[in-house]
Amino acid sequence: MTRWERGDLPPGTDTDSGPGEPATGADEPERRHEALVSVRLGPSAPGSHLVEYLRHEPCAVAAWWIAADVDAVVRLSADSMTVLHRAVADLRLRAGVEVAVANYVLRALDLTSPADPRTAKDAPAWVVSVA
């Protein structure tokens, strides 16, 4: 399996997509499958080991250190569920991770327009746009 099959962008693809949108080129399939993985490191695994692993993981899109019951949250993206499941399994096996709980993204929520335009005028006063 090549790095591109695991989710790495081929050279010359469009990387000017908006935040949260997958970057796609003219001949690249849309990367539709994503997961947010909550990660707890093992007792002897340093955080630097996880960071270094994620730098070389083609499916890793972003990661954040978290102040919670978990140590980090990792966003993974791939063009197939098989590749995405493999990336989650590899995170568990190779990155010094003791616990990895994957939450698979179904679709984005549209936060810019009201769910029901008929009720927008009846919205409470505290529901206003910040733009």
* Structure fact -> Within the range 78-106, the residues that are closer than 12 Å to residue 37 by Cα and part of a strand (DSSP E or B) are 97, 99, 100, 101, 102, 103, 104, 105
* Being over 12 Å from residue 39 (Cβ atoms) and assigned to a strand (DSSP E or B) is the filter here, so list the residues in the range 54-77 that pass it. => 61, 62, 77
* Structure fact -> Within the range 61-81, restricting to residues that are buried (at least 16 other Cβ atoms within 10 Å of the Cβ) and not aliphatic (A, V, I, L, M), the one that is farthest from the chain's Cα centre (by Cα) is 71
* **Residues of the range 19-54 satisfying the condition of being at pLDDT below 55 and within 15 Å of the chain's Cα centre (by Cα)** => 19, 20, 21, 22, 23, 31
* Answer yes or no: is there a residue in the range 74-87 that is among the basic types (Lys, Arg) and in contact (Cβ under 8 Å) with a residue 60 or more places away in the chain. => yes
* Across the range 33-59, what is the total count of residues that are of a type in the set (A, V, I, L, M) and free of Cβ contacts under 8 Å to residues at least 24 places away in the same chain? -> 1
* To do: Take residue 93 and decide whether it is modelled with pLDDT under 95, exposed (fewer than 14 other Cβ atoms within 10 Å of the Cβ) and within 23 Å of residue 42 (Cβ to Cβ).
  => yes
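The values are calculated or read from the model by the stated rules, or taken from the named source; none is laboratory data. Just so we're clear, the structure is a prediction, and the values are computed from it rather than from any experiment. Ideal geometry is used to build each Cβ from the backbone, glycine not excepted, and the neighbour counts take in all protein chains shown.
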